[in-house]
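*Asks:* Got a structure here, written out as structure tokens. Questions coming.
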Amino acid sequence: MTEVYPRVALIGLGLIASSMFWAMKRRGVVGHVTGYARSAATRDTARRIGLCDTVCDSAAEAVEDADLVVLAVPVGVMGDVAAEIAPYLKPGCTVTDVGSVKKTVIEAVAPHLPEGVHFVPGHPLAGTEHSGPESGFASLFDNRWCLLVPVEGAAPEAVETLTTFWQALGANVELMDAEHHDLVLAVTSHTPHLIAYTMVGVADDLRRVTDSEVIKYSAAGFRDFTRIAASDPTMWRDVFLNNKEATLEILGRFTEELFALQRAIRTGDGDHLHAYFTRTRAIRRGIIEAGQDTDAPNFGRTRTER
Ligand SMILES: NC(=O)c1ccc[n+]([C@@H]2O[C@H](COP(=O)([O-])OP(=O)(O)OC[C@H]3O[C@@H](n4cnc5c(N)ncnc54)[C@H](O)[C@@H]3O)[C@@H](O)[C@H]2O)c1
Ligand SMILES: O=C(O)C(=O)C[C@]1(C(=O)O)C=C[C@@H](O)C=C1
């Protein structure tokens, strides 16, 4: 296919950036890809496995000729990274990010970017519990959503080109505003992760107290929780600290429902439980009927399957 961008720079070389690299190379989406990660060990690993055409020892060097710069670092450091690269950005280039939270990332990044640079924030809704340069694979974004969250006054051509880029990586693209994005993701991703972290923590405490074999005999549902709860601690700490308002709102609602279910169990209100579970089952069936069941095609894949 024709190149969407001649030169791309990946800042941060973890799961998402490495998957983007392999996906770009799979279809010849771009020309040359530079990469930079803060840690020398990550840069060494990237060089060893051929991740990026050139691995640079500074962010400045990585971005200087890039037509697209992708910030693929934890959301808590997006602003620092933007400040670091700002003086070296090529006029007319596009800067995007892949952060799981949009409002605070936009607030942290936008003020650093010089005029003439297009900022088009993004978020691919695809991932695994693995992290680091060796965890990526080319098919991660296939048939997954990538949400773009253009800031006010964003150049339509810059948004269009980034849309074409993500489509070439296999994703379906939609535009959304930042506040709505953060609320939707609090429901579909952030709060579920917090619940999984909590449930696994509770099971672990229980194991210590009773010395039972909670983990050894864990059923499939709980195993799914342990997978989610194995996700990167830095990434998820930053997600919760940066999507405070929406997560707390959804957690509040979650707690109310949980209390209602708790009460139904205590009072023996089987009708309440049955009606509730019937409603939730219908949601799952609706997803399957709508053909949107993209159930975990990426889980457990390794880099060798790229
Ligand atoms: N993991 C997922 O499921 C997923 C999905 C969609 C979006 N995201 C978002 O993508 C971003 C990256 O996540 P990931 O899963 O690829 O993480 P990761 O932990 O696999 O990789 C992060 C990379 O950033 C580097 N880094 C950290 N601080 C840096 C700094 N100050 N300067 C330069 N490099 C730095 C790390 O060395 C590492 O290479 C996050 O913002 C995350 O919220 C993650
Ligand atoms: O499947 C997983 O492991 C994920 O957690 C991926 C997941 C999600 O919650 O769906 C996690 C965070 C992202 O920002 C986007 C995708």
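*Asks:* To the nearest 10 square angstrom, what accessible area does E3 show with a 1.4 Å probe?
*Replies:* 110 Å²
*Asks:* Could you list which residues have their amide H under 5 Å from that of N172, counting only those 5 or more apart in sequence or on another chain, with H placed in the peptide plane?
*Replies:* Excluding prolines and chain starts, which carry no amide H, the hits are N143, R144, W145, C146.
*Asks:* Rolling a 1.4 angstrom probe over the protein heavy atoms, how many square angstrom per residue are accessible across the chain? It would help to have the intermediate numbers written out before the result.
*Replies:* Working: 15750 Å² over 306 residues.
Roughly 51 Å² per residue, with all protein chains present.
*Asks:* Can you give the % of DSSP beta bridges in the chain that are antiparallel, to the nearest 5? Please list the in-between numbers first.
*Replies:* Numbers: 3 of 25 bridges.
Taking every DSSP beta bridge with both residues in the chain, the antiparallel ones total about 10 percent.
*Asks:* Another one. Tell me the carbon and sulfur percent of the accessible area for the chain, rounded to whole percent, probe radius 1.4 Å. Before the final figure, lay out each step's value.
*Replies:* Numbers: 8560 of 15750 Å².
The value for the chain is 54 percent carbon and sulfur by accessible area.
*Asks:* Could you pull the accessible area for V77 with a 1.4 Å probe, rounded to 10 Å²?
*Replies:* Rounded to the nearest 10, the figure is 50 Å².
*Asks:* Using a 1.4 Å probe on the protein heavy atoms only, what accessible surface does I287 show? Give it in Å² to the nearest 10.
*Replies:* Result for I287: roughly 70 Å² accessible.
*Asks:* Could you give the length gained by full extension between D224 and E3, i.e. 0.36 nm per residue of separation minus their alpha carbon distance, to one decimal place?
*Replies:* Numbers: separation 221, 0.36 × 221 = 79.56 nm, distance 3.87 nm.
Length gained between D224 and E3: 75.7 nm.
*Asks:* Kindly sort I106, I288 by accessible area of their heavy atoms, largest first, with the probe set to 1.4 Å. Provide the component values of the computation, followed by the final result.
*Replies:* Details: I106 30, I288 85 Å².
My answer, sorted largest first, is I288, I106.
*Asks:* While we're here: Report the gain in length on full extension from V184 to R48: 0.36 nm times residue separation, minus Cα-Cα distance, nm rounded to one decimal.
*Replies:* On the way: separation 136, 0.36 × 136 = 48.96 nm, distance 3.85 nm.
Roughly 45.1 nm would be gained on extension.
*Asks:* Based on the Cβ-Cβ distance of R279 and R237, what FRET efficiency does E = 1/(1 + (r/R0)^6) give at R0 = 30 Å, to the nearest 0.05?
*Replies:* Details: r = 33 Å, r/R0 = 1.11.
For R0 = 30 Å, the calculated efficiency reads 0.35.
*Asks:* Follow-up question, since we're still on this one. Scan around R7 for amide H atoms under 5 Å from its own, H built in the peptide plane at 1.01 Å from N, and keep only partners 5 or more places away or cross-chain.
*Replies:* Answer set, sorted by chain and number: G31, H32, D67, L68.
*Asks:* Evaluate the charge dipole of the chain about its Cα centre and quote only its size in Debye, nearest 20, assuming +1 on the Cβ of each Lys and Arg and -1 on the Cβ of each Asp and Glu.
*Replies:* Working: 29 positive and 40 negative charges, 215 e Å.
I would put it at about 1040 debye.
*Asks:* What nm value, rounded to one decimal, do you get for the distance between A155 and D177 when each label is placed 7 Å out toward the C-beta?
*Replies:* 2.5 nm
*Asks:* Residue separation times 0.36 nm, minus the C-alpha to C-alpha distance between D65 and L248: what's the value?
*Replies:* 61.7 nm
*Asks:* Karplus couplings for region 121-138 from phi (6.51 cos²θ - 1.76 cosθ + 1.60, θ = phi - 60°), rounded to Hz, Gly and Pro as x?
*Replies:* The phi angles translate into x, x, 7, x, 8, 7, x, 9, 7, 8, 9, x, x, 8, 8, x, 8, 5 Hz.
*Asks:* Shifting gears a bit: Using the Kirkwood formula over every pair of different C-alpha atoms, what hydrodynamic radius in Å results for the chain? Please list the in-between numbers first.
*Replies:* Details: mean 1/r = 0.0481 Å⁻¹.
For the chain, inverting the mean 1/r across all distinct Cα pairs yields 20.8 Å.
*Asks:* Efficiency by 1/(1 + (r/R0)^6): what FRET value for D205 and A40, r their Cβ-Cβ distance, R0 = 45 Å, to the nearest 0.05? Before the final figure, lay out the partial values.
*Replies:* On the way: r = 38 Å, r/R0 = 0.84.
For R0 = 45 Å, the calculated efficiency reads 0.75.
The values are calculated or read from the model by the stated rules, or taken from the named source; none is laboratory data. Since we're looking at a predicted model, the values are computed, not measured. Every residue, glycine among them, receives a Cβ derived from its backbone with ideal geometry; neighbour counts consider all protein chains shown. Just the protein is used for accessible areas: all its heavy atoms, side chains included, with ligands, DNA and RNA removed. Shrake-Rupley method; radii C 1.70, N 1.55, O 1.52, S 1.80 Å.
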